[in-house]
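Colleague: Right, I'll just put the structure down here and ask away after.
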Amino acid sequence: MPAWDKYQEEVAQFFRNLGLDAKTNQTIKGVRTDHDIDVLVRSTYAGLEITWLVECKAWRSAVPKEKVFALRTIVEDTGADRGFMMAENGYQTGALQAARLTNILLTSLADLKETLAYELGISRLKTLLPRLELCRRRYWDIDKDGRIKHGLRHEAGAFGYSGNRVIQAVDHTLKIALSSGFPVKYDPLDAAFAAHGLSLEPVKAGDAGAISSPNDLFAILHKELADLEQRLTAAEASLKGG
């Protein structure tokens, strides 16, 4: 595989690892003409489709301003939300100036792994909010007997799985992460205490169970919600059939 092709695939895989749809060697229609794009990245946030155009330069020399001007033209013609120029060997001064105050980001794969991963991780966490609220509505739409019968909660005085405790824990953890930042801890018991007004000690780096990455937290909370959604779907299907 040629170096430029390998670099494109590495860039695309980076975006895929963040949960985004990324395809290499794509053609996208513009107002004036069609454009060949090294990596086309698409995602959906709050019901809106986001499109990023990524140009990859696996060069041994710094990228000149002409390439930045070309990417700016393509982004404007296609109406893309943002353009990325990827190069591991830097940019000429003119290129940096050409990207200032625009929606073009000049970066490298190494830099993105340090910076954009955090920003995109926060965006991914925000996508959990509507799922959380839907789970909350679905959970309380099932009466107490139905929740007990279908394993969404335990009997009074017993201990076991509790969908409400999961909802409280995900809600509490998301609020802390999105308002106060990291590190955070996902602890359903602590979240239950917090829901009843008990003040908790802030989580510090190095604490047992401390989570410092929004992408790591997303993986945990997504799994918790996915499990609850599966339980809710099974309960709703059984109740409907019965």
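Colleague: Just subtract the alpha-carbon distance of Trp59 and Glu76 from 0.36 nm times their residue separation and send over the number in nm, one decimal. Before the final figure, lay out the partial values.
Modeller: Values: separation 17, 0.36 × 17 = 6.12 nm, distance 2.50 nm.
This chain segment gains 3.6 nm when fully extended.
Colleague: Which FRET efficiency value, to the nearest 0.05, is calculated for Asp36 and Lys223 with the Förster distance at 45 angstrom and r the Cβ-Cβ distance?
Modeller: Numbers: r = 38 Å, r/R0 = 0.85.
Efficiency at R0 = 45 Å is approximately 0.75.
Colleague: Separate question: Short version: what are the Cα gyration tensor semi-axes of the stretch 120-241, square root of 5 times each eigenvalue, largest first, in whole Å?
Modeller: Ellipsoid semi-axes (Å, largest first): 27, 17, 11.
Colleague: Label-point separation (nm) for Thr44 and Glu10, each offset 7 Å from Cα along Cα-to-Cβ?
Modeller: The modelled label-to-label distance comes out at 3.3 nm.
Colleague: Rounded to whole Å, give me the distance from the Cα center of the stretch 135-167 to that of the stretch 53-114.
Modeller: Answer, in whole Å: 51.
Colleague: Moving on. Per the Kirkwood formula on distinct C-alpha pairs, the Rh of the chain is how many angstrom? If you can, show how the numbers build up before the last one.
Modeller: Details: mean 1/r = 0.0479 Å⁻¹.
20.9 Å is the Kirkwood radius here.
Colleague: Give the range of the longest stretch in the chain that excludes all chymotrypsin sites (Phe, Trp or Tyr not before Pro) found in loop regions by DSSP and having at most 13 other beta-carbon atoms within 10 Å. Each step should come with its number before you reach the end.
Modeller: Values: sites that count: Phe159, Tyr161.
Value returned for the longest uninterrupted segment is 1-158.
Colleague: Length gain on complete extension for the stretch Asp216 to Leu134, per 0.36 nm per residue less the alpha carbon to alpha carbon distance?
Modeller: 27.3 nm
Colleague: Amide H to amide H under 5 Å from Leu106: which residues, 5+ apart in sequence or cross-chain, H placed 1.01 Å off N in plane?
Modeller: Here Met85 satisfy the definition.
Colleague: If I require 27 Å or longer along the helix axis, counting alpha carbons, and a Kyte-Doolittle average no lower than -1.0, what helices from the chain are left? Use full DSSP H segments. Kindly include the intermediate steps, with their values, before the conclusion.
Modeller: Numbers: long enough: 214-241 (39 Å, -0.16).
Taking the DSSP H segments of the chain (at least 27 Å long, mean hydropathy at least -1.0), we get 214-241.
Colleague: Please find the FRET efficiency linking Asn17 to Lys149, where r is the Cβ-Cβ separation and R0 is fixed at 41 Å, and quote it to the nearest 0.05.
Modeller: On the way: r = 40 Å, r/R0 = 0.98.
E(calc), rounded to 0.05, equals 0.55.
Laboratory data are not the source of any read-out in this text; all were calculated from the coordinates shown. Remember, it's a predicted structure, so these values are computed and weren't measured experimentally. So basically every Cβ, Gly included, is an ideal-geometry build from the backbone, and we count neighbours across all protein chains shown.
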